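Accompanying notes for the structure given below.
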Amino acid sequence: MFVKLRNNTITSKKFIYFLFIIWLFSISITTHIFSQNWIIKNYSEADGFPSSVIFCLTRDANGMLWIGHDKGLSRFDGYNWTHYTEADGLSVPILSICINKETVWVGSTNGLFYSQIKNERNEKLIFKKFEAFNMMTIPQLLSIDDRIYISAYLGNLDLNINGALLYFIKNENNCFTLDSLVFISEYKSYAVGAFNIRNDTLVLANEYYIKALINKNNTNCKVIQCLKFPIELSFETIMSIDFNNNKSYISSNKGLYEVIDNKINRISNQTCHFLFVHKDQLWVAYPAEGIFIYKIPSMQLEKKITIHNGLIHSFIHNSYFFDRDSSLWIPSRCGLSHLLSFKSFIYFDKIPVHSFLDIGNKVLVGNENRLSIIENEKINNIKLPFENVFSHIVSINLFNNYVFFNNGRYLYSFNANKKIDLKHIKTWMLPGRTPFRNSILLNKDEMLIAMGRGLALFNLKNINKPKYFFDSSGRYGTYKGQVGLPSNYVFCLKKTNDGAIIGTRSGIAFFDEKNKTIFIPEIKDSIIKKLSVYDIYINGNDTLLATNKGLFNLYKNTLYKIPLKMLDIEVNCIQIKDSNIYLGTTEGLIILNSEYKIFKIINDFNGLPHRNISNIYFDNSGNLWIGTPSGCLFIDREEITKKLLPDKLYIHKIQEGEKVLFINYLPSVVPSPKQIYLEKTITNLKIFCSSDFILANESIKYIFTFIHNSDTSIYTSNQPYFETPIMTSGNYEVNIKILAQDSSSSNVESLRIIVPTPFYFRWYSIVLYIVILLVLIYFSVHLRTRSIIKRNIMLQNEIELRTKDIRAQMLEIEELSRVRNVFINFFAHDLTNSIANLRRGYDLIIKGTSPDEIIGKHSLKTYINISFSRINDLIKQVLMLGRIEADRIEISKDWFDVHSIIHKLIQNMAFQSNAKNIQIKLDLTEQAEIYNDKNLIESVFENILSNALKYSPHNSEILIKSYHSNDDIVFEFIDQGPGFKPSDFPSMYKLFQKLSAKPTGGESSTGLGLWIAKSLLSLIGGSIEITNIEPHGAKVQIKINKS
């Protein structure tokens, strides 16, 4: 591979080096941009959203979120979703939303819609269409005072008429009137691509850039500035506009533009969506990349927010929403991102962070096997030379411009005033095989180190061996000093004026620096021996202990537990700032005021990378650093103040036992439930409140008023938590409010609780018992009657069944009688006639008449032969009838040629055919071997051929055909007789059934031929079908399976 640049050939190897250098350069440029993750919560369909393609959102006065997406509009009240689609009067997708005076306005690609917001949580709205904007696209809505400003267009057509540029709807007592702003200037009117209003100043962009002053009392505007845009810009390409002082910024699909000093300058050629000015920054959304943050006025790129540091998706739509807490909601193609803070970041994502130290303008962070230095949001990682399983940096200390830090086995030191790198770091490997956890510097020469099996005092000039060693058993008593630790597991050390306080797995101990001794204080409460002390903070005369059992205060050798009823959890670390107490716990960051009352909780729900906090640190600028097993959270000092601003009280969670009845899933101040229906008849509830009502240093109380019937109980608590007394049947009411020291109070949240009455206590239970008794009496009285009725019904049914059987038997007897009579009459008649004919022939022969003498139409021997044939046929059919009726037909199958039967029958019936001069023609297939009963098939064919000869006229033809059809062989007997009448078909297969046709040669007919043929064919797996042929004649088709 070769690449040619300016006629110079560079080999592929050099080209790879060239690309590697460019990659390193790009990494160095973007290091500060991606050195931290933003505090962003992402939501998608997995969180209950009806769609991940979100275009816009807003929040109403009740705290409900309204979200516009490609499937319609959705409202979230903190607990339930309500969805609105085309079935509710809307048109999709929803591009813009605004709320004005309890009316929600929704813009789509097919017009403007509105509906009154109702207070009932589950009552659905019905949307109406504002007909003035029918079939128009509404990309932007803005609510200011009693006006709703609207940007609308219809394809490439000019929406505005009479010089109007911007329409608005005025809301007066829910009566809506459409009007438009009139600009005193000469220019052509175009649809508005984007607009923005701040105070009384309006900026908009279409084919022009216009800046004007709005008069709220009328529709006239005073134009301050009007500039013609470059030819590539039009209202169709403009996305967003915002302004700051004398500058305006415009985003479009042609790039980013800046308006200053009556000039329009292009800043970037890249397509961009929404933009807004935030203090001295310009935020710009670039599709498929993310949000870029520029410094104003230099337009230098400061930061990026992308999928690499928090965004759910890089394709951001042309919309954003600033929430009431100044957080930012960002809709995108794959969900919704909620930027909780503008100045707080998460560093070292998914990496445990244990310790911090601020030196000058740098913050040192101890994490997994490395020391990280953060300066101006840039991270410089120093990987330590010795790696082992105890490689976490657990402690960092500063003493006389020297930084000491340690992991599980090594102690490191460097001069804080020099460049921090591996060359200037001094390393000691401490003796022993147990990892050490924490360390403090007592003076310039001595360091106290908490080890896995005790406490060691080292002289920094001779670190190879501890000067003193202390434990609980005296095993290391060969060293100078004393033993006496309550436990070998030492978790923390806190320096005091005369030594240090030691936190262990079994309480605390004191280290006397002067005498180099350890003693265990006499504490009245024996629980101290069961406490694992993780951190210690000395606050005047109070010594706060962070333990596995909660927060304790040691005051003059008396141990007090801080009553945090709601949060009886492990406390890992303590810090105090501005009289507020910050507790790092296994459930997040808990902030107390000076009276140990909770007024703020921060966890992974509202910003922390992990709720288990290992360390808390305030740097010299007042910024807060929080270490967790999944990284550390940096909170700017301004953000800390903002997070403690007062807000309204609301119910966060309601719980019955382990069952959660209500909880706010999204970060939203929402209407609390007004009524709760319970299922249990004896129960109690836990009610958790959430509020930032109080400020630091305020003494506050939570007042819970519990009302049942006429009894009122008032409960006072320092915690935002209330567990109701045991409730039985009835209606209860709980009123909650906050009372501050200055007698100011919060809003009152009311909750009605309905507990069902036990079934056996309800008023209708007696009625039910009486009804049950009456029913039992009724059943006992009528039981015999019902039994008799049932028996009568059974007897009646049995009589009906027997009657039906008798009738059926009678019909069968009648039919048998008819058949018997027909058979006797027929047999007697035909047999008598045939015998009489034979008798006459015999007499004639006796008298000397020659057999060949013609008598009538035939010779004498022909008449005798006919009589014998009739007698023979009659006997055969009667015998076959008997065998079929008695089910005595034996089937004997074998392979044979069916055509042989046909030839045989033609020879046997030659006398009958010759008598009528009937020609029998054959059209047979070549091969006709089948596996079946030869005798039965011969009987079938004999009956069919005999019938054909009987009913065929003299001098006619009979055609016998055969052919193959799948697994069957088909035989067709076609004569030229009279055929069948329609009335013949239903009964032609019955016994002794004579049809309309008559034999043409005076032959007799038994009415058994077709019945015998059909019966035999059903036994051997064949079928028969008879049809008429035109102009006259009949066709009998017989199908027999070959196998």
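Checked against (1) part of a helix (DSSP H, G or I); (2) surrounded by fewer than 17 Cβ atoms within 10 Å (Cβ to Cβ), A1013 passes all but a single condition, namely (2).
Per-residue answers, yes or no, for (1) under 49 Å from the mean Cα position of the chain (by Cα); (2) surrounded by 20 or more Cβ atoms within 10 Å (Cβ to Cβ); (3) at pLDDT below 80:
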residue: N218; (1), (2), (3): no, no, yes
residue: C221; (1), (2), (3): no, yes, no
residue: M239; (1), (2), (3): yes, yes, no
residue: N244; (1), (2), (3): yes, no, no
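The residues on offer are S332, S298, S326, and the sole one that is in contact with a His (Cβ under 8 Å, 6 or more places away or on another chain) and hydroxyl-bearing (S, T, Y) is S332.
The condition of being assigned to a strand (DSSP E or B), in the same structural domain as K1035 (by TED's automatic domain parsing), within 20 Å of N908 (Cβ to Cβ) and among the aliphatic types (A, V, I, L, M) holds for I958. Looking at this structure, is N218 without any contact (Cβ under 8 Å) to a residue 12 or more places away in the chain and more than 25 Å from H278 (Cβ to Cβ)? Taking the combined requirement at face value, the residue satisfies it. Checking the stated criteria, I351 turns out not to satisfy the condition of being over 30 Å from M429 (Cα atoms), crowded, with 18+ Cβ neighbours inside 10 Å and of a type in the set (V, I, T). Select, from L995, L945, the only residue that is of a type in the set (A, V, I, L, M), over 27 Å from E929 (Cβ atoms) and not assigned by TED's automatic domain parsing to the domain that holds I866. When all the criteria are applied, what remains is L995.
Within the stretch 511-520, the set of residues being of a type in the set (V, I, T) and either part of a strand (DSSP E or B) or surrounded by fewer than 16 Cβ atoms within 10 Å (Cβ to Cβ) (or both) comprises T517, I518. Taken as a whole, the structure leaves S913 outside the set of residues that are at pLDDT below 85, small (G, A, S), over 24 Å from K1035 (Cα atoms) and surrounded by 16 or more Cβ atoms within 10 Å (Cβ to Cβ). Selection over the stretch 539-563 of residues that are among the basic types (K, R), assigned to a strand (DSSP E or B) and surrounded by fewer than 13 Cβ atoms within 10 Å (Cβ to Cβ) gives a count of 0. Among the residues examined, K124 does not qualify as surrounded by fewer than 22 Cβ atoms within 10 Å (Cβ to Cβ), among the basic types (K, R) and at pLDDT 90 or above. Determine whether V92 is in a strand (DSSP E or B), of a type in the set (A, V, I, L, M, F, W, C), under 30 Å from I238 (Cβ atoms) and assigned by TED's automatic domain parsing to the domain that holds N217. Answer is no for this residue. Selection of first residues in the stretch 772-798 that are among the aromatic types (F, W, Y) and of second residues that are assigned to a helix (DSSP H, G or I), restricted to Cβ pairs under 9 Å at least 6 apart or on distinct chains, gives the following pairs, ordered by first then second residue: F779/R786.
Answer yes or no as to whether Y153 is under 27 Å from M239 (Cβ atoms), under 39 Å from the mean Cα position of the chain (by Cα), modelled with pLDDT of 90 or more and among the aromatic types (F, W, Y). No.
Within the set K600, K549, the sole residue that is among the basic types (K, R) and within 30 Å of L339 (Cβ to Cβ) turns out to be K600.
Within the stretch 1023-1036, at least one residue is within 22 Å of I891 (Cα to Cα), at pLDDT 80 or above, of a type outside the set (G, A, S) and touching a helix residue (DSSP H, G or I) at 6+ places or on another chain (Cβ under 7 Å).
For (1) closer than 29 Å to I866 by Cα; (2) at pLDDT 85 or above, each residue gets a yes or a no:
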| residue | (1), (2) |
| --- | --- |
| D897 | no, yes |
| M909 | yes, no |
| I920 | yes, yes |
| S939 | yes, no |
| K950 | yes, no |
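Is it fair to say F985 is surrounded by 17 or more Cβ atoms within 10 Å (Cβ to Cβ) and of a type outside the set (K, R)? No: the conditions fail for F985. Taking (1) under 27 Å from K343 (Cα atoms); (2) among the basic types (K, R); (3) touching a residue at least 24 places away in the same chain (Cβ under 8 Å) in turn, K211 satisfies each apart from (1).
Of all the listed residues (I528, I590, I523, I536), the sole one being under 41 Å from the mean Cα position of the chain (by Cα), of a type outside the set (F, W, Y) and either surrounded by fewer than 18 Cβ atoms within 10 Å (Cβ to Cβ) or not in a loop (DSSP other than H, G, I, E, B) (or both) is I590. Screening the stretch 78-112 for residues that are among the aromatic types (F, W, Y) and under 28 Å from the mean Cα position of the chain (by Cα) and picking the one that is surrounded by the fewest Cβ atoms within 10 Å (Cβ to Cβ) gives W81.
On the given criteria, is N318 modelled with pLDDT of 80 or more, surrounded by 21 or more Cβ atoms within 10 Å (Cβ to Cβ) and not assigned by TED's automatic domain parsing to the domain that holds M447? Yes: the conditions hold for N318.
For the stretch 344-377, the candidate set comprises residues that are more than 16 Å from L608 (Cβ to Cβ) and part of a loop (DSSP other than H, G, I, E, B); within that set, the residue that is nearest to the chain's Cα centre (by Cα) is E377.
Checked against (1) in a loop (DSSP other than H, G, I, E, B); (2) in contact (Cβ under 8 Å) with a residue 40 or more places away in the chain; (3) more than 24 Å from D636 (Cα to Cα), I264 passes all but a single condition, namely (1). Name the strands (runs of 3 or more DSSP E) wholly within the stretch 875-944 that hold at least 1 residues that are within 30 Å of S859 (Cα to Cα)? So the answer is 919-923.
The values are calculated or read from the model by the stated rules, or taken from the named source; none is laboratory data. Here the structure is a predicted model, which is why all the values come from computation and not from measurement. Note that we place each Cβ from the backbone using ideal geometry, even for glycine, and neighbour counts take in every protein chain shown.
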